[in-house]
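Have a look at the structure below, then the notes.
A short reminder: the numbers here are calculations on the coordinates, not readings from a lab. Please read all numbers here as calculations on a predicted model, not as lab measurements. Counting neighbours? That spans all protein chains shown, and the Cβs are built from the backbone with ideal geometry, glycine included.
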Amino acid sequence: MAQFDWETPSSVTVRQGDRTLCHLKSHWNLAGIAHPIQAPAFSLLNAQLVQFSGQGNLKWHWAGVKVQIPTESPIATLGLGQPFATLRLSALDLSVNAPWGV
């Protein structure tokens, strides 16, 4: 499991326990485009399989992000370079329905 520590809205450090996996910082982003979403999911409730659904909106933006991966990070061996551009999601508005049995 990873922990996401947001220092600012445009800067996040991803950790696993006491190890830093990576640090990401957004330097620029374009105006967002609103997009409707639907989010079906399954889970267990008292050992019974349940399903729930959600719907809402979010905005996605093209963004320039600088990625820093410490050499001691377990993902350093992947040899990831700097991305040309990334997608940044914002303004999530999600309504989730009550679960029902499957």
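Every residue in region 90-102 that is among the aliphatic types (A, V, I, L, M), on the phi < 0 side of the Ramachandran plot and surrounded by 10 or more Cβ atoms within 10 Å (Cβ to Cβ), please.
Taking region 90-102 as the starting set, the residues that turn out to be among the aliphatic types (A, V, I, L, M) are 91-92, 94, 96, 98, 102.
From the residues that got through so far, the ones that are on the phi < 0 side of the Ramachandran plot too are 92, 94, 96, 98, 102.
Of everything in region 90-102, those that are among the aliphatic types (A, V, I, L, M), on the phi < 0 side of the Ramachandran plot and surrounded by 10 or more Cβ atoms within 10 Å (Cβ to Cβ) turn out to be Leu92, Leu94, Val96.
Given the criterion touching a residue at least 24 places away in the same chain (Cβ under 8 Å), of a type in the set (Gly, Ala, Ser) and part of a loop (DSSP other than H, G, I, E, B), identify the matching residue among Ala98, Ala34.
Unique residue meeting the criteria: Ala98.
Being assigned to a strand (DSSP E or B), over 18 Å from the mean Cα position of the chain (by Cα) and surrounded by 13 or more Cβ atoms within 10 Å (Cβ to Cβ) is the filter here, so list the residues in region 45-89 that pass it.
Val50, Gln51, Phe52
Under 7 Å between Cβ atoms, at least 6 apart or on separate chains: pull out the pairs that start in region 38-52 with a residue that is more than 20 Å from Ser95 (Cα to Cα) and end on any residue that is surrounded by 10 or more Cβ atoms within 10 Å (Cβ to Cβ).
Leu49/Phe42
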